[in-house]
1. Take V249 and decide whether it is within 27 Å of I315 (Cα to Cα), part of a helix (DSSP H, G or I) and within 14 Å of ligand 1 (Cβ to nearest atom).
2. Which residue out of G92, G42 is within 21 Å of the chain's Cα centre (by Cα), surrounded by fewer than 20 Cβ atoms within 10 Å (Cβ to Cβ) and in a loop (DSSP other than H, G, I, E, B)?
3. Out of curiosity, is E136 in the same structural domain as V360 (by TED's automatic domain parsing), open to solvent by 10 Å² or more (accessible area, probe 1.4 Å) and without any contact (Cβ under 8 Å) to a residue 12 or more places away in the chain?
4. Here is a check on your reading of the model: is E285 within 12 Å of ligand 1 (Cβ to nearest atom), of a type in the set (D, E, K, R) and either in contact (Cβ under 8 Å) with a residue 24 or more places away in the chain or part of a loop (DSSP other than H, G, I, E, B) (or both)?
Amino acid sequence: MLGSKPAFFLTAESLSCSLMKIAVRNVSNKPKTGIVMMNMGGPQKVEHVYNYLHNIMTDRDMIQLPFAQDHMGKWIAKRRTPEVQKKYEEIGGGSPILDWTNKQGELLCEKLNSISPSTGPHKHYVAFRYVHPFTEEAFENMSKDGIKHAVLFSQYPQYSCATSGSSYNAIYKHLKTNNKPGYPKLSIIDRWSTHPLLVQCFANLIKDELKKISEKNKKDTIILFSAHSLPLKTVNRGDAYPSEVGATVNLVMKELNYCNPYQLVWQSKVGPLPWLGPFTDEAIEGYVKQGKKSFVIVPIAFVNEHIETLHELDIEYCKELAEKIGVEEIRRVPAPNIHPLFISALADIVKNHFEKGVAVSAKFLNHCPHCVNPNCYESKKWYRSIASF
Ligand SMILES: C=CC1=C(C)c2cc3[nH]c(cc4nc(cc5[nH]c(cc1n2)c(C)c5CCC(=O)O)C(CCC(=O)O)=C4C)c(C)c3C=C
Ligand code: FES
Ligand SMILES: [Fe+2]
């Protein structure tokens, strides 16, 4: 029709108006606060397994080998690679930890933008300790984005010097030599094992799994809370992790009104040295010998699925071991992943952190009573001096 324009035609003034709106939107959407999602990471592909294991086994914050750590760590990584590669192949060819972390980060920031607009816009950055995307990449990207404040948010709910501690030490090492003028100010969320929404999330996930157990076994089903173990040497140094895992377990059982018998057990021991027990597989065997027939296993120290849940718990224990020793019923509770209560927990933790205005907790700045690690001394001293709101 002559004289009328199709709806998508823009006049000069409507075009300039739209461009201005886009420009304004871009300015206001520019992220102000970075949420650094810290975790160990996992190999995306089987070809990455050797480097991943090498990085773990040569990290003195994670494990202290009795001598020549660089050589011994390399040797252990080499020897362990084929076995671990096979496991990653069996769970689909790589660790899903990056995908879960990105989904969690996106949902967390979306929620934060609505519940804490004054600190927004928020953007998440993944900082893995042993695989890409590494800590350095997170800081480079934050610098490019012009982030003003970075919250270093450990994705391990329970603090261990081997895991969260190692990641904080790595960030310190990077920033000690690379702290450019444009880098953001920092604050840290180092542990959150007792957050009420985390507790509710685990309790709901357990209830859902208990519902699927037959009426005959329901009441006597043992809830086995399974957490990654630690070398006894680390435990005896005074590492906070065992007691923080215990705190989560006790609150979850309180939330469940102590509906079933329960036990905390430990999985994923590496190497020949003594580690904290009882071990998950041996505990299942022990209970079966005592005549118990039904179990619900809860990965209580992992926030997303990866090799320890998908292979060790699902394949090695719930399938192979359970069939071998005649378990009647066994179910594994999913990791929190993107459960709405879990995302609400993450958002509430960050919001409380902003409101409280404590950049670094007193607990983080204190050392294990038997800490002899120079990395911890340097790093905590530095965090004490730089972290501020
Ligand atoms: C060598 C010592 C190790 C200590 C100490 C340790 C503690 C520890 N680890 C986690 C969580 C995870 N560990 C994962 C894999 C993994 N861990 C170690 C070693 C130690 N962990 C190794 C060598 C590996 C690789 C797999 C293997 O060789 O068996 C993972 C899985 C990551 C993924 O697949 O995405 C997690 C998660 C915690 C919580 C912890 C102590 C507090
Ligand atoms: S080992 Fe725990 S603070 Fe150093
Ligand atoms: Fe581990």
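The values are calculated or read from the model by the stated rules, or taken from the named source; none is laboratory data. Every value quoted in this text rests on a predicted model; they were computed, and no experiment measured them. Cβ: placed from backbone, ideal geometry, glycine included. Neighbour counts: every protein chain shown. Note: areas computed on protein heavy atoms with side chains; ligands, DNA, RNA excluded. Shrake-Rupley method; radii C 1.70, N 1.55, O 1.52, S 1.80 Å.
1. No, not satisfied.
2. On the way: G42 fails: surrounded by fewer than 20 Cβ atoms within 10 Å (Cβ to Cβ).
Answer to the check: G92.
3. no
4. On the way: within 12 Å of ligand 1 (Cβ to nearest atom): no; of a type in the set (D, E, K, R): yes; either in contact (Cβ under 8 Å) with a residue 24 or more places away in the chain or part of a loop (DSSP other than H, G, I, E, B) (or both): yes.
Criteria not met by E285.
Every residue, every condition in (1) within 16 Å of ligand 3 (Cβ to nearest atom); (2) in contact (Cβ under 8 Å) with a residue 12 or more places away in the chain, yes or no:
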position	(1), (2)
V46	no, yes
V49	yes, yes
I56	yes, yes
F67	no, no
E83	yes, no
W100	no, yes
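To keep it simple, each residue is scored yes or no on (1) open to solvent by 40 Å² or more (accessible area, probe 1.4 Å); (2) over 24 Å from the mean Cα position of the chain (by Cα); (3) assigned by TED's automatic domain parsing to the domain that holds A150.
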residue	(1), (2), (3)
E305	no, no, no
V350	no, no, yes
H370	yes, yes, yes
S379	no, no, yes
